[in-house]
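Below is one structure, written out as structure tokens; the observations come after it.
Every read-out reported here was derived from the displayed coordinates using simple, explicitly stated rules and does not represent laboratory data. What you see is a predicted model, and the numbers here were worked out from it, not measured in a lab. We place every Cβ from the backbone using ideal geometry, glycine too, and count neighbours over all the protein chains shown.
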Amino acid sequence: MTARARPETVRVLLVDDDPLVRAGLRLMLAGAGDLTVVGEAADGDELGAAVAEHRPDVVLLDVRMPRVDGVTALRALRSAPDRGIPAVIVLTTFRTDAVVLDALRAGAVGFLLKHTAPDAIVEAVRTAADGQPTVSPSVLHQLIEHVTAQSPAPATPAPDLRTEGLTEREHAVAMAVAEGLGNAEIAERLFLSVGSVKVHLSSALAKLGLENRVQLAIRAHDSRTR
């Protein structure tokens with residue numbers, strides 16, 4: 001997904017059949033000055049009309065809903081002609097391989113579990129609005145294991161990341177990302193601030209010519225299995 005300029009105020013649409021979940025998300029996002037909830041829908045069959053009406057930048061979309069599930073709704077949205085497609089983050093309690101892969105193949109740019117920390121959900125919305133993918137750390141680890149299990153081993157093993165200019169700290173952060181750790185967990189492990197982890201992460205991405213955390217995790221995984 002190509003990076004884009006984030007709007008000054010990110011418009012968010014909530015799609016979930018549980019009104020308490022929607023209320024909690026609305027309250028959570030209201031605390032971020034640059035995010036605003038512009039609409040809600042209670043089922044996947046309402047997604048297209050809600051997007052057309054509210055023109056959101058980002059959609060937080062549940063998977064399991066009574067009439068039309070989130071993945072089916074997303075496929076329908078992306079196949080509709082002449083409609084601007086917002087960035088869609090799937091937010092769910094389910095994280096099986098099938099659900100994750102179906103959502104990403106349908107065009108979701110993110111996959112978060114509902115027990116994700118509020119500040120992480122807020123940051124994920126911002127990241128999606130920037131045009132970048134975002135995946136819960138535990139789901140990322142699961143996704144990496146699935147992808148690598150299904151892919152043949154490369155003919156030439158990936159070189160150690162430190163031979164490509166990464167510092168010891170950047171290398172340690174990259175390897176922790178490959179384990180599925182979030183920034184706060186990495187900070188605790190390496191005795192760093194979360195801000196420092198973000199700096200090392202950004203530097204590692206730049207040095208390796210990568211765009212996002214998912215790519216770094218797979219690259220670090222390949223290096224680890226050399």
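Could you order peptides 67-79, 14-26 by the average number of other Cβ atoms within 10 Å of their residues, highest first?
On the way: 67-79: 18.7, 14-26: 17.1.
So the peptides 67-79, 14-26, ranked by packing, come out 67-79, 14-26.
Let's test the formula: R0 of 25 Å, r as the Cβ-Cβ distance of ALA98 and LEU190. What FRET efficiency results, to the nearest 0.05?
On the way: r = 34 Å, r/R0 = 1.36.
Efficiency, rounded to the nearest 0.05: 0.15.
Which is farthest toward the positive dipole end of the stretch 10-135 among ALA50, GLY131, PHE94, measuring Cα position about the Cα centre, with Cβ charges +1 (Lys, Arg) and -1 (Asp, Glu)?
GLY131
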